[in-house]
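Inspection log for the structure reproduced underneath, given as structure tokens.
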Amino acid sequence: MIPMIQLQQAGKHYHGKYVLQPLTLDIMPGEFISLVGSSGGGKTTMLKLMNGLLLPDTGSVTVMGQDTRHVDLIALRRQIGYVIQGAALFPHLTVADNIGYVPGLSKQKLSSERLHELMQLVDLPVALLQRFPSSLSGGQQQRVGIARALASSPSIMLMDEPFGAVDEITRTVLQDSIQELHKQLGTTIVFVTHNMREALRLSDRVLVINQGVVQQIDTPDEIQRHPANDYVARLLR
């Protein structure tokens, strides 16, 4: 099976200092992998390499068989769903227009049936489609952000601390939702979090990174049974 995302000795540095040490990683179709570590450790850098917002200074990054250095990056990003903390919805657009924004860039208009389907996928009432983001709760806004990322039926979803700005109860509900979506759609998901419990709950594999250096890549069970070092063990406490 061909990896959906492949990093081959991919690294990133600024002014000669690595923020991400060269890393080799294969992410397979349909896999859910979480990137865990403290702030500034390299998680978001890795995610940005995967959608071409950054290009590697060493090695290569291949997404859906395409080297990010030799591809139309705008076209590539439109094939990838991207969800960030706080949803970052456009405040002047309705929920419906927010969800349809990315397809609209390619002159595609979402049908009402598709909009209703997306709202159902993220467990939101269709009555919210004509509302503006300011009238929604934080959890509802985050669900709209996920629906927007799903609107183009991407094969890959990149999620950068998507639940970090909501309360613990809402966070648990959103975790349940993303697990169910993953089961239904089989989308490849790369999920950035600083919360090890969240990563262990959601993921097929967990990648632990600290100061740009990968500490361990393994299944949740193996990481809990055999943490590679003290840093990983501290995250488990």
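The values are calculated or read from the model by the stated rules, or taken from the named source; none is laboratory data. Nothing here was measured: the structure is a model prediction, and the numbers come from that model. Glycine also receives a Cβ, built like all others from the backbone with ideal geometry; neighbour counts cover every protein chain displayed. The area values use the complete protein model at the heavy-atom level, side chains included, leaving out ligands, DNA and RNA. Shrake-Rupley method; radii C 1.70, N 1.55, O 1.52, S 1.80 Å.
Here the relative contact order of the stretch 36-148, from alpha carbon pairs under 8 Å that lie six or more residues apart, stands at 26 percent.
With q set to 0.20 Å⁻¹, the log10 of I(q)/I(0) for the stretch 1-88, from the Debye formula over equal scatterers at the Cα positions, is -1.01. Over the stretch 170-237, all Cα pairs binned in 5 Å intervals from 0 give whole-percent P(r) values of 3, 15, 28, 23, 15, 11, 4, 0, listed from short to long. For Cα pairs less than 8 Å apart in space and 6+ apart in sequence, what is the mean separation divided by the residue count of the stretch 91-174, i.e. the relative contact order in percent? Once divided by the residue count of the stretch 91-174, the mean separation gives 37 percent. Whole-Hz Karplus values for the stretch 75-82 come out as 5, 4, 5, 6, 9, 10, x, 9 Hz, taken residue by residue from phi with 6.51 cos²θ - 1.76 cosθ + 1.60 and θ = phi - 60°; glycine and proline positions read x. Once all protein chains are placed together, Ser111 keeps about 50 Å² accessible to a 1.4 angstrom probe. For the stretch 160-230, relative contact order (Cα pairs under 8 Å, six or more residues apart, normalised by length) works out to 22 percent.
Here is the P(r) of the stretch 133-179: all C-alpha pair distances, binned every 5 Å from 0, give 5, 20, 31, 26, 13, 5, 0 in whole percents. Maximal additional length on extending the Asp176-Tyr14 stretch stands at 54.5 nm, based on 0.36 nm per residue less the C-alpha distance. The residues of the chain expose, per residue, 47 Å² of accessible area to a 1.4 Å probe. Residue by residue, the stretch 29-38 carries 3J(HN,Hα) couplings of x, x, 7, 10, 10, 9, 9, 10, x, 6 Hz when phi is fed to the Karplus relation 6.51 cos²θ - 1.76 cosθ + 1.60 (θ = phi - 60°); x denotes Gly or Pro. Accessible surface of the chain, 1.4 Å probe: 50 percent of it comes from carbon and sulfur atoms.
Eigenvalues of the alpha-carbon gyration tensor of the chain, scaled by 5 and square-rooted, set the equivalent ellipsoid semi-axes at 30, 21, 15 angstrom, largest first. Taking a straight line from the alpha carbon of Lys17, these lysines sit under 30 Å away, with near neighbours fewer than eight places off in the same chain left out: Lys43, Lys48. Between 0 and 90 degrees, the angle of helix 138-150 with respect to the longest Cα principal axis of the chain falls at about 80 degrees. Helix 168-185 versus the longest principal axis of the chain: what is the Cα-based angle in degrees, 0 to 90, to the nearest 10? So the helix axis and the longest Cα principal axis differ by about 90 degrees. Across the stretch 226-231, rounded Karplus estimates of 3J(HN,Hα) from the backbone phi angles (6.51 cos²θ - 1.76 cosθ + 1.60, θ = phi - 60°) give 9, x, 5, 7, 5, 4 Hz, Gly and Pro being marked x.
Over the C-alpha trace of the stretch 39-148, radius of gyration and Dmax come out as 16.1, 49 angstrom.
May I ask for the angle, rounded to the nearest 10°, between helix 112-121 and the longest principal axis of the chain, with both axes built from Cα atoms and the value confined to 0 to 90°? On a 0 to 90 degree scale, this one is about 50. At an R0 of 45 angstrom, the distance between the Cβ atoms of Arg237 and Glu113 translates into a FRET efficiency of 0.40.
In whole angstrom, the stretch 92-210 maps to an equivalent ellipsoid with semi-axes of 25, 16, 12, each derived as √(5λ) from the alpha carbon gyration tensor and ordered largest first.
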